[in-house]
Amino acid sequence: MSERDTKLKSVIDMALSVLPHEIGCDDCFDYFAAYADHLTNGAAMPEPLRLVGEHLERCACCMEELQLLLEAMKTQNKVSR
Amino acid sequence: MKPGAQRGRSWPRVFRGGLIVRIQREGSWQTITNPPKYRTDEDWVSDLSAVGFRGDEALTELRRILVTGLARAFHQFPADSAMVQDSAQEALLLIISRVETYRGDSRFVTWALSIVTRVALSEMRRARWKDVSLDEMSEAGRIPPPASEASPANISYERSRLIEVVRNAIEDNLTPKQRDAIQAELGGAPPDEIAKRLGTNRNALYKLTYDGRVRLKQAILRAGWSEDHVRSVLSGT
Ligand SMILES: [Zn+2]
């Protein structure tokens with residue numbers, strides 16, 4: 001895909017993916033840790049966390065932060081009981 | 001029982017040299033001797049708020065967790081241990097000043113790691129984009145016309161029309177700030193750096209961009225293009 005095609009696709013995705021209610025990056029960050037915990041535990045996402053998921057689908061920067069957080073969390077061990 | 005023998009069969013076990021626990025690291029079990037003190041989320045909050053040895057010990061352990069997590073998260077980037085140490089220190093101060101705002105809807109350590117990864121990533125983005133102006137960011141995201149030098153003209157008629165519709169929507173329907181913000185994002189600039197140059201914050205930038213996206217969608221639809229038509233032309237590269 002040429003550079004222009006990539007930009008064209010990105011801007012069209014940005015436009016057509018608009019939802020009536022979206023949260024911003026800072027609101028997303030407020031629930032970031034809870035979202036990451038739910039994701040790693042495989043737990044069902046309550047409503048505020050679903051909004052985080054929708055934001056992540058539309059915000060490459062927050063998605064990059066999530067990937068790094070998930071990687072950092074791998075250093076945390078589960079202690080056997 | 002001989003001195004030094006393991007007592008009991010369950011974990012954790014008491015050994016002459018101290019305590020041995022079994023931990024799971026990425027799917028496999030390992031044993032470690034004298035692990036750091038286990039803290040619940042509530043312990044973290046109260047230990048970090050304590051003065052003296054208890055507070056210092058919690059700070060030291062949290063710092064170790066942040067540094068280890070960051071080193072792992074950023075291992076694919078060029079190694080920069082100074083950045084890891086500086087970010088961990090900055091995040092530690094932030095965490096201490098905000099510890100009362102921890103709501104308990106996540107593990108405390110996850111919350112702390114989310115802060116340190118954001119601090120480190122912001123610092124990395126700041127360093128990478130520090131010499132790039134808003135005009136340059138915006139220019140980098142401009143979509144060239146269908147038959148420009150930078151892009152070959154051998155594209156379909158429909159695709160050329162779509163490019164023109166989108167270019168016109170950006171030129172005619174966005175405010176200058178919306179245009180700069182959206183084009184800068186298309187050019188790959190990170191939102192925190194775009195926000196700084198626009199004299200705003202990341203949340204306000206998201207709102208600015210959101211309003212721009214709504215205007216672009218309306219302009220594309222007004223030009224007679226349905227979403228399905230746009231998608232079919234886009235996929236026919
Ligand atoms: Zn975001």
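The values are calculated or read from the model by the stated rules, or taken from the named source; none is laboratory data. Everything numeric here is computed off the predicted structure, so don't read it as measured data. Please note: Cβ atoms are built from the backbone with ideal geometry, for glycine as well, and neighbour counts cover all protein chains shown. Heads up: the accessible areas ignore ligands, DNA and RNA and are worked out on the full protein's heavy atoms, side chains in. Shrake-Rupley method; radii C 1.70, N 1.55, O 1.52, S 1.80 Å.
What FRET efficiency do you get for residue B:228 and residue B:49 if R0 is 45 Å and r is their Cβ-Cβ distance, rounded to the nearest 0.05?
Values: r = 57 Å, r/R0 = 1.26.
Efficiency, rounded to the nearest 0.05: 0.20.
Under a 1.4 angstrom probe, counting protein chains only, how are B:157, B:206, A:31 ranked by accessible area, largest first? Before the final figure, lay out each step's value.
On the way: B:157 170, B:206 30, A:31 80 Å².
Largest accessible area first, the residues go B:157, A:31, B:206.
Calculate the dipole size of chain A relative to its Cα centre from +1 charges on Lys and Arg beta carbons and -1 charges on Asp and Glu beta carbons; express the result in debye to the nearest 20. Mind showing how you got there, number by number?
Working: 8 positive and 14 negative charges, 74 e Å.
That gives chain A a dipole magnitude of about 360 debye.
Given a cut-off of under 8 Å on Cα pairs at least six residues apart, what relative contact order in percent is computed for the range B:52-152? Intermediate values should be presented prior to the final figure.
Working: 43 pairs, mean separation 27.0, N = 101.
Relative contact order comes out at 27 percent.
First select every other residue whose beta carbon is under 11 angstrom from the beta carbon of residue B:110; then total the charges, Lys and Arg +1, Asp and Glu -1. The partial results should precede the final answer.
Values: positive: B:107; negative: A:37, B:41, B:105.
Around residue B:110, the surrounding residues sum to -2.
Rank A:42, A:53, A:24 by mean-square fluctuation in a GNM of chain A with C-alpha springs under 10 angstrom and give only the top-ranked residue.
A:42
When the helix-only estimate is applied to chain A (DSSP H runs of n ≥ 4, each -39,500 (n - 2.57), divided by the residue count), what is the mean residue ellipticity at 222 nm, nearest 500 deg cm²/dmol?
Values: 5 runs with 56 residues, N = 81.
Estimated from H runs of four or more residues: -21000 deg cm²/dmol.
Which entries of B:177/B:217; B:130/B:217; A:7/A:74 show an alpha-carbon separation above 26 angstrom in the structure shown?
Details: B:177/B:217 17 Å; B:130/B:217 32 Å; A:7/A:74 34 Å.
Listed pairs above 26 Å: B:130/B:217; A:7/A:74.
Under a point-charge model restricted to the Cβ atoms of Lys and Arg (+1) and Asp and Glu (-1), what is the dipole moment magnitude of the protein assembly as shown relative to its Cα centre, in debye to the nearest 20? Display every interim value, and only then the final one.
Working: 44 positive and 44 negative charges, 297 e Å.
Charge dipole of the protein assembly as shown: 1420 debye, to the nearest 20.
Inside 10 Å of the C-beta atoms of A:25-32, what's the mean count of C-beta atoms belonging to other chains?
Mean shielding by partner chains, rounded to a whole number: 5.
From the residues B:198, B:138, A:63, which one has its Cα farthest along the dipole of the protein assembly as shown in the positive direction, the dipole being from +1 and -1 charges on Cβ of Lys/Arg and Asp/Glu about the Cα centre?
It is A:63.
What are the ³J(HN,Hα) values, in whole Hz, obtained from phi via the Karplus relation 6.51 cos²θ - 1.76 cosθ + 1.60 with θ = phi - 60°, for each residue of the range B:97-114 in sequence order, with x given for Gly and Pro?
Along the range B:97-114, the couplings run 6, 10, 4, 6, 8, 5, 8, x, 8, 9, 5, 4, 5, 4, 4, 5, 5, 5 Hz.
Any chance you could check the range B:198-223 for residues losing 20 Å² or more of accessible area when the partner protein chains are in, compared with the chain on its own (1.4 Å probe)?
B:202, B:203, B:206, B:210, B:213, B:216, B:217, B:220
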